[in-house]
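Worksheet: one structure, shown below.
The values are calculated or read from the model by the stated rules, or taken from the named source; none is laboratory data. These numbers come from a predicted model, not from an experiment. Virtual Cβ from ideal backbone geometry, glycine too; neighbours counted across all protein chains shown. Ligands, DNA and RNA are stripped out before the accessible areas are found, and what is left, the full protein with its side chains, is counted by its heavy atoms. Shrake-Rupley method; radii C 1.70, N 1.55, O 1.52, S 1.80 Å.
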Amino acid sequence: MVTRNDVIKTLEGVRDPELGGNIVELGMVTDVDITGASVEVGIALTVAECPLRNQIENDTRRRVQAIPGVDHVDVRTTAMTKKQRAGLMSVARAKARASAEPTQVSPTTRVIAIGSGKGGVGKSSIAVNVAVAMSQAGFRVGLLDADIWGFSTPRMLGVEDRLEANEDSKLIVPVEAKGVKLVSTGLIIETEETALMWRGLMLSKALEQFLKQVEWGELDYLIIDLPPGTGDIQMALTRMLPQAEMVVVTTPQRAAQKVAVRVADMARRSHMPVVGVIENMAGLACACGRVHDVFGEGGGRELADDLGVPLIASIPLDPEVVPGGDHGAPVVTSSTGSPAGIAMRDAAARLVELVPPADLETCTGRIAKILTELEELPA
Ligand SMILES: Nc1ncnc2c1ncn2[C@@H]1O[C@H](COP(=O)(O)OP(=O)(O)OP(=O)(O)O)[C@@H](O)[C@H]1O
Ligand SMILES: [Mg+2]
């Protein structure tokens with residue numbers, strides 16, 4: 001049974017990128033009607049020709065569609081009355097005033113967390129390659145390594161630098177590698193001793209620091225490499241970054257699926273929509289001309305169908321992934337036509353389609369100017 005509360009909680013993840021608040025707190029959700037598995041959502045936009053209309057509509061539809069038990073979503077938009085607008089403006093103003101931004105991640109940044117039930121299925125390889133591929137495609141991309149103790153992204157990107165703070169802002173500046181802004185505990189820890197020192201201090205706080213004390217700047221995408229399984233990090237993420245969405249990685253082995261479903265369940269319970277599934281370590285194309293399904297076959301499709309989400313990509317086993325990851329040469333930068341590299345690039349392109357970047361033209365964050373414009377509108 002879909003409840004009104006499920007829908008409202010989900011809608012709290014839809015943001016008006018210009019006003020920097022979610023559509024529920026901004027009073028833009030006018031009604032929610034649930035009839036069986038159909039949900040109708042009424043949204044009042046600040047102006048009928050709101051440039052962000054499509055984005056808000058699409059986000060709403062995609063998120064509500066991802067609630068278990070929902071199979072049809074209707075989004076109706078209307079223009080706000082002067083009175084509704086006045087209410088919205090006071091909320092937006094209060095938010096702007098209190099603009100002790102809860103995190104340094106801009107509300108216009110699309111956040112995609114890469115998770116899995118089992119360890120070692122290729123989350124980090126995918127996070128790194130997708131981030132680099134998105135950057136190659138011209139997007140501004142950050143990569144947050146949320147695998148606090150099992151970090152692997154610095155090695156995969158070949159980074160030796162350490163994180164430093166900006167003298168003025170006192171915020172930590174990410175290290176730039178292959179066009180991607182990277183933050184990882186691997187860029188802090190020098191020796192085993194410092195590792196131990198950080199351990200107690202940071203385990204609970206690390207993710208929070210990475211979101212609140214890092215100068216991420218304006219990014220189109222923030223990719224988050226999660227540790228395996230369900231846990232505190234995933235919970236903390238949904239709390240601090242309500243706009244986060246999840247991609248579930250699985251191997252083609254059908255038995256792996258049950259474990260993967262648990263991560264997706266957990267994501268959904270905390271109202272983090274699942275964008276889709278990426279299958280990794282699929283058939284290895286052999287020089288003999290045959291394809292060897294080392295880890296079985298069909299698991300990705302089955303999981304995607306189970307969850308009612310798209311299969312974003314199926315990435316083949318490819319010997320080039322391993323040395324690429326060990327020597328800081330992600331396969332998407334390979335010039336040898338690596339099959340995994342091509343599939344990773346396709347995965348990134350498909351993700352951009354599914355989670356398009358916020359409309360940059362209109363997302364200048366100049367809330368004051370927008371409010372003035374709204375104020376001048378006729379009733
Ligand atoms: N498509 C692939 N072909 C061949 N090797 C791969 C592929 N994907 C990942 N690997 C290799 O598998 C190993 C595990 O990958 P990776 O570290 O990305 O997984 P993970 O899910 O992040 O693991 P963990 O759960 O430990 O964080 C690495 O050695 C990586 O190089
Ligand atoms: Mg990993």
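Worth pointing out:
- Residues of the stretch 207-218 that turn out to be part of a loop (DSSP other than H, G, I, E, B) and of a type in the set (A, V, I, L, M, F, W, C), as a count: 1
- Residue list for the stretch 219-242, restricted to those being in a loop (DSSP other than H, G, I, E, B) and either within 16 Å of ligand 2 (Cβ to nearest atom) or open to solvent by 20 Å² or more (accessible area, probe 1.4 Å) (or both): LEU226, PRO227, PRO228, GLY229, THR230, GLY231, PRO242
- When HIS271 is tested against (1) at pLDDT 80 or above; (2) over 15 Å from LYS123 (Cα atoms); (3) touching a helix residue (DSSP H, G or I) at 6+ places or on another chain (Cβ under 7 Å), exactly one condition is not met: (1).
- Checked against (1) modelled with pLDDT of 90 or more; (2) more than 17 Å from the chain's Cα centre (by Cα); (3) within 15 Å of ligand 1 (Cβ to nearest atom), ILE148 meets all criteria but (1).
- Residue match in the stretch 96-103 (condition: at pLDDT 90 or above, away from ligand 1 (no atom under 16 Å from the Cβ), closer than 17 Å to GLN213 by Cβ and not in a helix (DSSP H, G or I)): no
- Options ALA368, ALA379; residue that is modelled with pLDDT under 70, part of a loop (DSSP other than H, G, I, E, B) and open to solvent by 60 Å² or more (accessible area, probe 1.4 Å): ALA379
- Candidates VAL263, VAL249, VAL275, filtered to the one that is crowded, with 19+ Cβ neighbours inside 10 Å, of a type outside the set (Ser, Thr, Tyr), assigned to a strand (DSSP E or B) and touching a Ser or Thr at 6+ places or on another chain (Cβ under 7 Å): VAL249
- Residue within the stretch 292-305 that is of a type in the set (A, V, I, L, M), away from ligand 2 (no atom under 16 Å from the Cβ) and crowded, with 16+ Cβ neighbours inside 10 Å present: yes
- Count of the stretch 114-142 residues, restricted to those that are more than 12 Å from ligand 2 (Cβ to nearest atom) and either assigned to a loop (DSSP other than H, G, I, E, B) or open to solvent by less than 30 Å² (accessible area, probe 1.4 Å) (or both), is 14.
- Any hit, the stretch 39-52, residues being open to solvent by 10 Å² or more (accessible area, probe 1.4 Å) and within 14 Å of ARG4 (Cα to Cα): yes
- Filter pass, ASP147 being away from ligand 2 (no atom under 16 Å from the Cβ) and either open to solvent by 20 Å² or more (accessible area, probe 1.4 Å) or not small (Gly, Ala, Ser) (or both): no
- Of ILE67, ILE56, all but one fail to be β-branched (Val, Ile, Thr) and either part of a helix (DSSP H, G or I) or modelled with pLDDT under 90 (or both); the exception is ILE56.
Per-residue answers, yes or no, for (1) outside the structural domain of GLY150 (by TED's automatic domain parsing); (2) more than 13 Å from ligand 1 (Cβ to nearest atom); (3) in contact (Cβ under 8 Å) with a residue 60 or more places away in the chain:
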| site | (1), (2), (3) |
| --- | --- |
| ASP225 | no, no, yes |
| LEU237 | no, yes, yes |
| PRO242 | no, yes, yes |
| THR250 | no, no, yes |
| VAL263 | no, no, yes |
| MET266 | no, yes, no |
| SER270 | no, yes, no |
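- The stretch 116-131, subset under 16 Å from MET344 (Cα atoms) and either in contact with a Cys (Cβ under 9 Å, 6 or more places away or on another chain) or not β-branched (Val, Ile, Thr) (or both), residue farthest from ligand 1 (Cβ to nearest atom): ALA131
- The stretch 284-343, residues that are among the β-branched types (Val, Ile, Thr), part of a loop (DSSP other than H, G, I, E, B) and more than 24 Å from LEU157 (Cβ to Cβ): VAL294, VAL309
- Meets criteria (surrounded by fewer than 20 Cβ atoms within 10 Å (Cβ to Cβ), in the same structural domain as LEU157 (by TED's automatic domain parsing) and not β-branched (Val, Ile, Thr)) for ALA329: yes
- Matching residues, the stretch 160-183, being among the aliphatic types (A, V, I, L, M) and open to solvent by 20 Å² or more (accessible area, probe 1.4 Å): LEU163, ALA165, LEU171, ILE172, VAL173
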